[in-house]
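Asker: Sending over a structure as structure tokens; questions will come in a sec.
Read-outs: derived from the displayed coordinates by stated rules, not from any lab. Computed from a predicted structure; not experimentally measured. Methodologically, a virtual Cβ is constructed for each residue, glycine included, from the backbone with ideal geometry; neighbour enumeration extends over all protein chains shown.
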Ligand SMILES: C[S@@+](CC[C@H](N)C(=O)[O-])C[C@H]1O[C@@H](n2cnc3c(N)ncnc32)[C@H](O)[C@@H]1O
């Protein structure tokens with residue numbers, strides 16, 4: 001084919017806009033760039049502007065955009081005692097406000113997450129969400145009604161008497177979604193559970209954050225069995241699952257296994273050695289589209305012109321492969337079960353478990369229903385089956401009772417996968433009157449962690465006692481616990497006038513006294529963008545501990561007075577990155593020599 005030349009230069013404007021849309025989908029509105037919003041994205045202060053256009057706006061939108069783009073001075077500290085298989089697991093359980101946690105994960109997990117599932121507070125008027133600064137004017141009111149989390153942070157109860165009821169919820173979601181989008185891989189996807197309270201707003205919000213073009217589906221899930229006849233207008237039995245991809249052209253859904261009733265339709269009346277099959281029509285009786293031709297099969301049966309559902313070549317091929325069945329004037333094709341790719345996911349899920357089943361699942365592990373709003377495992381598993389492959393990383397940053405972690409382990413056990421999870425949950429205190437509190441679980445993280453411990457054990461036990469136990473020796477039922485905290489480093493940015501003699505003494509070490517070497521290691525992993533699940537091998541050289549990370553991504557030593565022998569060992573590891581403590585050298589001369597020698601191998605940083 002001859003390609004006709006355009007004889008003009010390419011339209012750069014369109015491609016520039018496309019690039020901006022890819023970088024900042026939130027500034028696109030009906031195909032146009034919102035320049036005010038773009039300016040705001042590139043600014044470090046709130047910009048003033050008055051404008052009218054079609055878009056979702058609310059009080060506090062710009063502040064939350066600013067917050068999403070600003071940095072925080074915090075870290076994640078490992079907690080070995082509460083972890084399971086700390087040294088070998090690739091799963092993470094992170095305690096803290098998810099907005100801060102997501103920001104901390106920006107470097108280490110940029111473009112690494114295949115799927116995000118979240119089940120945020122639905123804004124029912126009763127939810128507790130983490131207090132953000134944008135409603136500071138109501139501080140007194142919050143004190144009156146506010147709960148606090150374990151670290152005495154205020155939790156904000158968003159009731160419908162709040163004049164910014166929707167705005168506050170939208171700001172809370174907006175800044176979190178903006179930050180989480182960057183963690184998704186190009187073929188990544190987010191699934192968000194939501195109900196009628198905010199589905200309309202969330203849809204618009206996601207159109208803005210992910211780009212309208214990346215909308216994939218709005219699934220209706222039947223969450224409640226039966227009908228509530230005492231309902232005032234309608235018995236409400238469903239909620240939604242919004243699905244957005246990071247980049248629609250990269251994202252693919254998996255086909256799902258055929259359900260039992262469909263499988264039953266496959267039979268083998270003529271004992272075909274190729275197995276069970278279904279008989280399907282090959283020509284259209286109604287007004288369906290098709291191709292008109294006449295056809296003579298290999299046994300010379302003649303079929304006059306009609307509307308065939310396949311091309312003539314295809315039909316001849318099926319005939320040659322012995323896949324056609326002729327019954328009088330009728331002709332069918334055999335679709336063998338091995339040829340069936342499975343079923344494409346549908347947007348109505350009326351049989352994918354329900355809320356009552358989810359409560360039973362919690363009860364079977366804890367004897368009591370310790371958590372009010374869990375999702376059922378088969379529902380979460382269905383999401384993973386649709387959107388993940390066996391080695392993918394899954395993130396849930398409103399993890400609640402940790403159903404996501406449970407479902408990841410369960411599905412891996414079923415299909416031999418090695419999916420990994422990161423669960424994030426704020427240590428929201430449980431109500432003193434609740435079953436959870438009475439059972440000794442003082443905050444939701446305690447419930448989540450204990451659920452993963454019990455679920456992991458149960459999956460292994462159930463497998464052992466099953467008729468055909470599988471080899472689950474590689475199943476990862478562990479998790480590393482990390483907790484958000486203030487930075488490991490002392491604030492050395494004091495105003496020089498304020499430096500007193502005492503402060504000088506205190507500043508001798510720039511590391512806080514209560515931080516140990518493992519804290520420092522995780523702090524630098526975050527700073528250098530190293531995955532927090534990498535295996536850590538400690539090695540003692542000259543009675544100093546050196547940490548060697550999986551794949552030699554990083555070698556670190558936070559000891560004082562390290563010898564040449566230690567430096568040599570670090571060098572011999574040939575890592576990609578080296579981190580040492582600034583005060584680990586006895587003199588400046590030693591420091592210069594060591595850094596010069598190590599720099600020949602890779603980049604060296606000091607803290
Ligand atoms: C609807 S529940 C999630 C339930 C979960 N899908 C399950 O199956 O158990 C929402 C959870 O988000 C938590 N949450 C709310 N605000 C949060 C925040 N800012 N950071 C982390 N978690 C938060 C709440 O404590 C609650 O446990």
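Asker: Could you give the nm distance between label points at residue 461 and residue 474, where each point is 7 Å from its Cα heading toward the beta carbon?
Answerer: Each label point lies 7 Å from its Cα, and together they span 2.7 nm.
Asker: Oh, and also: Give me the extension gain from residue 44 to residue 509: residue separation times 0.36 nm, minus the current Cα-Cα distance, reported in nm with one decimal. Numbers along the way, then the final one.
Answerer: Details: separation 465, 0.36 × 465 = 167.40 nm, distance 3.18 nm.
Residue separation times 0.36 nm, minus the Cα-Cα distance, leaves 164.2 nm.
Asker: I want to make sure I understand the PRE zone here: with the label point 7 angstrom from the Cα of residue 289 toward its beta carbon, which residues in the stretch 305-334 have backbone N atoms less than 14 Å away?
Answerer: Only 308-311 pass the distance filter.
Asker: Then there's this: Could you state the number of Å between the C-alpha centres of the stretch 433-477 and the stretch 11-53?
Answerer: Between the Cα centre of the stretch 11-53 and that of the stretch 433-477, the gap is 47 Å.
Asker: Based on alpha-carbon positions alone, could you give the equivalent ellipsoid semi-axes of the stretch 535-607 from the gyration tensor, as √(5λ), descending, whole Å?
Answerer: Values: eigenvalues 62, 37, 20 Å².
With the √(5λ) rule applied to the stretch 535-607, the semi-axes are 18, 14, 10 Å.
Asker: For the chain, what's the relative contact order in percent, using C-alpha pairs closer than 8 Å and at least 6 residues apart?
Answerer: Values: 1009 pairs, mean separation 104.6, N = 607.
Computed over the chain, the figure is 17 percent.
Asker: Taking N as the number of residues in the chain, what value does Rg over Cα atoms divided by 2.2 N^0.38 Å take?
Answerer: On the way: Rg = 29.5 Å, N = 607, 2.2 N^0.38 = 25.1 Å.
Computed over Cα atoms of the chain, the ratio equals 1.17.
Asker: Would you mind calculating the gained length between residue 310 and residue 339 on full extension (0.36 nm times residue separation, minus the Cα-Cα distance), in nm to one decimal?
Answerer: Numbers: separation 29, 0.36 × 29 = 10.44 nm, distance 1.65 nm.
Full extension from residue 310 to residue 339 adds 8.8 nm.
Asker: Treating the angle as unsigned and between 0 and 90°, give the value, to the nearest 10°, between the Cα long axis of helix 517-528 and the longest Cα principal axis of the chain.
Answerer: That works out to roughly 60 degrees.
Asker: Let me ask something additional. For the Cα atoms of the chain, what angle does the longest principal axis make with the long axis of helix 588-599, in degrees from 0 to 90, nearest 10?
Answerer: With rounding to tens, the tilt is 20 degrees.
Asker: For the stretch 260-339, what Kirkwood radius comes out of the mean inverse Cα-Cα distance, in Å?
Answerer: Numbers: mean 1/r = 0.0741 Å⁻¹.
Here the Kirkwood hydrodynamic radius works out to 13.5 Å.
Asker: Once R0 is set to 25 Å, what does the formula 1/(1 + (r/R0)^6) return for the Cβ-Cβ distance between residue 11 and residue 248, expressed as a FRET efficiency to the nearest 0.05?
Answerer: Values: r = 22 Å, r/R0 = 0.88.
Given R0 = 25 Å and the Cβ-Cβ separation, E is 0.70.
Asker: With the Cα gyration tensor of the stretch 302-388 in hand, convert its eigenvalues to equivalent ellipsoid semi-axes via √(5λ) and list them largest first in whole Å.
Answerer: On the way: eigenvalues 487, 30, 28 Å².
Each semi-axis is √(5λ); the values are 49, 12, 12 Å.
Asker: In whole Å, how far is the Cα centre of the stretch 583-607 from that of the stretch 349-418?
Answerer: Cα centres, the stretch 583-607 to the stretch 349-418: 48 Å.
Asker: Whole angstrom only: what separates the Cα centroid of the stretch 268-312 from the Cα centroid of the stretch 507-539?
Answerer: What the calculation gives is 67 Å, centre to centre.
Asker: Right, here's the next one. Taking the mean number of other Cβ atoms within 10 Å as a proxy for protection, how do you rank 60-72, 395-407 from highest to lowest?
Answerer: Working: 60-72: 17.4, 395-407: 26.5.
My ranking of the peptides, most packed first, is 395-407, 60-72.
Asker: Rounded to the nearest 500, what is the 222 nm mean residue ellipticity of the chain from helices alone, with -39500 (n - 2.57) per DSSP H run of 4+ residues and division by all residues?
Answerer: Helices in the chain give a 222 nm mean residue ellipticity of -9000 deg cm²/dmol.
Asker: In degrees, nearest 10, range 0 to 90: what is the angle between the Cα axis of helix 444-464 and the longest Cα principal axis of the chain?
Answerer: 50
Asker: Sorted by packing (mean other beta-carbon atoms within 10 Å per residue), highest first, where do 313-326, 353-366 land? Mind showing how you got there, number by number?
Answerer: Numbers: 313-326: 15.0, 353-366: 18.0.
Most protected by this proxy first, the peptides run 353-366, 313-326.
Asker: Under a crude label model (7 Å from the Cα following the beta-carbon direction), how far is residue 266 from residue 603 in nanometres?
Answerer: Once both label points are built, they end up 5.2 nm from each other.
Asker: What order do you get for 370-380, 341-351 when each peptide is scored by the mean count of other beta carbon atoms within 10 Å, highest first? Display every interim value, and only then the final one.
Answerer: On the way: 370-380: 21.5, 341-351: 12.4.
The most tightly packed comes first, giving 370-380, 341-351.
Asker: What FRET efficiency, computed as 1/(1 + (r/R0)^6) with R0 = 41 Å and r the Cβ-Cβ distance, is obtained for residue 300 and residue 346, rounded to the nearest 0.05?
Answerer: On the way: r = 43 Å, r/R0 = 1.04.
Plugging the Cβ-Cβ distance into 1/(1 + (r/R0)^6) gives 0.45.
Asker: For the stretch 25-68, count all C-alpha to C-alpha pairs, find those more than 12 Å apart, and express that count as a whole percent of the total. Write out the running numbers ahead of the final one.
Answerer: Numbers: 580 of 946 pairs.
Counting pairs separated by more than 12 Å, the tail of P(r) holds 61 percent.
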